[in-house]
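Written below as structure tokens is the structure these notes are about.
We did not get these values from a lab; they are worked out from the coordinates using the rules stated. This structure is a prediction, so every number in the text was calculated from the model and none was measured. Positions of Cβ are generated from backbone atoms using ideal geometry, with glycine treated the same way; all protein chains shown enter the neighbour counts.
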Amino acid sequence: AISMEELTKTLKGLGLESVPQEPNTYPELNPFDIYRSHITELLAEVSGVDKKIIYPTLAWTAKPENGDLQLAVPALRLKGKDLKAYAQELAEKFPESPLVKKPVVTGTFVGFFFKPESLISIVLPLIFKAGKSYGFNNSFGLKEDGSKKKMVIDFSSPNIAKPFHAGHLRSTIIGGFLSNLYEGMGWEVVRLNYLGDWGKQYGVLAIGFDYFGSEEELVKNPIGHLYDIYVKVSNIQKDEADKAKALKAEVTKDKEEGKDTSAKEAEITKIETEGIDEKARQYFKGMVDGEPKAIGIWKRFRELSIEKYKQTYARLNIHYDVYSGESQVKDESMDLGVKVMWEKKVCEDSEGAVIVDLTKHSKKLGKAVIQKKDGTSLYLTRDVGAAYERMQTYHPDKLMYVVASQQDLHLAQLFKIEELMGWKDISSISQHINFGMVLGMSTRKGTAKFLDDILRDVGEKMHEVMRGNQAKYEQVEDPEKTSDTLGISAVMVQDMKGKRINNYNFDMDRMTSFEGDTGPYLQYAHARLCSIYRKAIDADPSLEQADFATVDFSELQEPHAVDLIRQLASWPDTFLNTFKTQEPTTVLTYLFKMSHAVSASYDHLQVVSSDKKVNKARLALYVAARQVLNNGMRMLGLSPVERM
Ligand code: ARG
């Protein structure tokens with residue numbers, strides 16, 4: 001980052017004695033902090049109000065014509081004053097400043113506009129010094145003792161041998177984003193994939209593999225192959241169950257009619273003792289008892305699937321620290337959980353099963369089963385044990401669960417039960433990050449089942465779109481790879497564009513378009529900035545060595561330049577705000593707005609004029625914009641392309 005010394009020099013040049021800095025602000029990292037602190041100081045002088053009260057009330061404005069920052073006079077909590085008149089008075093008394101213009105009053109609001117000259121000299125050097133880390137600030141993740149806060153985030157978490165559905169897709173994208181967000185704030189993040197990998201269905205799968213499995217297919221395409229097997233074998237399982245049921249009905253009827261039922265009864269017994277369901281039950285029992293053979297096969301399925309998942313996640317720039325899963329939760333942890341529930345009278349017996357009646361606390365929460373009659377635990381019980389283990393292993397400051405809103409009830413029950421158990425250290429740091437559904441997600445070959453298929457399909461569509469512009473297409477070095485990256489951006493941006501809780505339509509045509517607020521549009525904006533740089537270097541190779549931080553920015557007086565600089569200045573604040581909203585759309589909305597400001601500048605701020613000084617300053621502006629766009633895109637999990 002820029003040093004305090006350099007910053008002091010810049011501000012002296014503007015006519016300020018020192019760097020304005022209120023407590024817990026970072027003038028070297030965030031230009032808005034400088035302005036906010038400065039305005040706070042001046043307002044405190046003229047109003048006599050405590051700076052601690054003023055600072056947090058200086059907020060962004062909804063409309064640019066109201067200023068860059070705005071003070072809501074009522075928030076100053078002054079008694080017995082005519083607030084409108086007082087707003088007027090504050091504005092009149094507000095002294096001449098090198099950083100902000102004369103304030104503008106609207107009703108009880110006082111608006112402040114940053115002076116262009118100050119923006120020009122403060123913002124760009126700050127961006128160049130911070131580079132890749134501009135916008136991010138590690139200080140926010142530090143505890144008082146200087147150690148990092150830690151978050152454990154459970155996201156994606158698909159189920160082995162089942163489709164990777166839209167809920168998993170969204171969890172993956174949003175979870176990846178949140179992980180980067182917290183890391184950008186200086187937190188230590190443990191990315192955890194809690195696989196659905198345990199239960200009788202994995203016995204069914206193992207039996208199915210005996211019937212239909214192929215070693216070769218398994219190694220080649222574990223996820224698809226296991227899924228196919230699972231579908232086949234569960235169909236048989238279902239047929240058998242249907243048949244047994246029908247036979248039983250017939251037997252009852254035959255008995256009434258006095259017919260001989262021994263053949264049918266033998267058939268029923270055969271299904272019940274040799275059918276898939278019973279075999280799977282026995283197999284799963286072997287897994288539970290830790291029989292090496294049973295465990296071995298299941299483990300292999302699991303490991304091969306994980307290997308495959310890893311490759312796909314890597315395409316989305318996601319890497320996990322832990323592949324955990326339902327299978328990994330220890331019996332002791334669940335037993336402990338149930339023991340505490342009994343002790344704290346959280347649970348009760350219900351015809352042999354153990355349940356928690358949460359309706360006492362809230363009707364919506366209903367009753368939850370903790371243990372079935374036969375003693376087996378459930379998804380919920382496992383999550384109680386898993387949360388306990390996460391605490392023991394990582395000592396986190398935050399536990400996040402990125403799961404579709406279909407599981408709102410499940411997680412609300414989990415957190416409430418933990419609270420009732422007296423495990424407030426867990427429930428108080430737990431958060432469910434939920435999100436709406438994706439409607440109509442299908443590949444062109446049918447309904448989408450696996451992440452790879454979706455990404456491949458969108459990549460192909462993107463390739464078609466690119467071919468639409470033959471001249472450009474021919475210049476792309478590796479169209480396969482580029483279309484793949486663009487396709488992934490298309491999917492991710494479409495997913496993060498709206499508020500998390502909203503449903504959206506999986507619209508292949510729209511998301512792959514270069515027009516509108518799409519992934520390809522952002523990629524295009526980035527590639528164009530890269531191309532401007534390349535062209536400028538071609539025209540004047542000396543620019544390649546240029547130290548942009550020390551460029552004379554006084555050349556950038558045009559309204560378009562100032563507007564763009566103002567946008568670039570607000571990225572650190574946008575990032576801070578994102579930490580509050582926890583919504584990727586906060587970042588995306590900013591990136592689109594900023595990209596629009598960039599593209600509006602091109603005609604007005606060309607880099608190939610005759611004046612070298614002007615060229616250099618403008619190029620610096622574009623390089624800074626590229627840096628900000630690049631930082632924002634990477635934080636969302638996108639891979640910015642340099643050419644397309
Ligand atoms: N495997 C689950 C599913 O596909 C999601 C798991 C979410 N995480 C959790 N701790 N419950 O529905």
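Tabulated results
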{"read-out": "Relative contact order [Cα under 8 Å, 6+ residues apart], region 249-359, whole percent", "value": "8 percent"}
{"read-out": "Per residue Cα convex hull volume in Å³ - calculated over region 244-287", "value": "53 Å³"}
{"read-out": "Helix runs (DSSP H) in the chain reaching 20 Å along axis by Cα, Kyte-Doolittle at least -0.5", "value": "31-47, 116-130, 166-184, 479-496, 519-539, 584-601, 612-636"}
{"read-out": "Debye intensity ratio I(q)/I(0), log10, region 178-329, q values 0.12 Å⁻¹ (C-alpha model)", "value": "-0.66"}
{"read-out": "Debye-sum result for region 81-125 in log10 I(q)/I(0), which assumes one identical scatterer on each alpha carbon, at q = 0.26, 0.34 Å⁻¹", "value": "-0.85, -1.14"}
{"read-out": "Distance (nanometres) between label positions extended 7 Å along Cα→Cβ at Glu217 and Thr252", "value": "3.9 nm"}
{"read-out": "Whole-Å distance, taken between Cα centres, linking region 4-22 and region 40-71", "value": "20 Å"}
{"read-out": "Kirkwood Rh in Å, taken over all unlike Cα pairs in region 449-556", "value": "16.0 Å"}
{"read-out": "Cα gyration tensor shape for region 279-368, rounded if a/c is under 1.5, else prolate or oblate", "value": "oblate"}
{"read-out": "Listed residues Ala314, Gly487, Ala1: farthest to the positive end of the dipole of the chain (Cβ charges)", "value": "Ala1"}
{"read-out": "Protection proxy ranking, peptides 603-614, 30-41, 372-383, 486-497, average beta carbon neighbours within 10 Å, highest first", "value": "486-497, 30-41, 372-383, 603-614"}
{"read-out": "Efficiency of FRET from Cβ geometry, Lys398 and Glu6, R₀ 41 Å, rounded to 0.05", "value": "0.70"}
{"read-out": "Cut-off under 5 Å, modelled amide H: who pairs with Leu378 long-range", "value": "none"}
{"read-out": "Region 449-487 versus region 567-620: alpha-carbon centroid distance in Å", "value": "27 Å"}
{"read-out": "Sequence ranges 545-553, 202-210, ranked by mean other-Cβ count within 10 angstrom, highest first", "value": "202-210, 545-553"}
{"read-out": "Region 1-119 - convex hull of alpha carbons, volume per residue in Å³", "value": "99 Å³"}
{"read-out": "Unit charges on C-beta of K, R, D, E only; dipole of region 1-116, Debye", "value": "400 debye"}
{"read-out": "Translational D in µm²/s for the chain (Stokes-Einstein at 10 °C, 1.306 mPa s, Kirkwood Rh from C-alpha pairs)", "value": "55 µm²/s"}
{"read-out": "Long pairs among Lys308/Lys416; Lys150/Lys497; Lys238/Lys285; Lys232/Lys308, criterion Cα-Cα beyond 25 Å", "value": "Lys308/Lys416; Lys150/Lys497"}
{"read-out": "Mean Cα-pair separation over length for region 431-505, i.e. relative contact order, pairs under 8 Å, 6 or more apart, %", "value": "48 percent"}
{"read-out": "Protection proxy ranking, peptides 116-122, 280-286, average beta carbon neighbours within 10 Å, highest first", "value": "116-122, 280-286"}
{"read-out": "Value of [θ]222 nm, deg cm²/dmol, for the chain, DSSP H segments ≥ 4, -39500 (n - 2.57) each, nearest 500", "value": "-18000 deg cm²/dmol"}
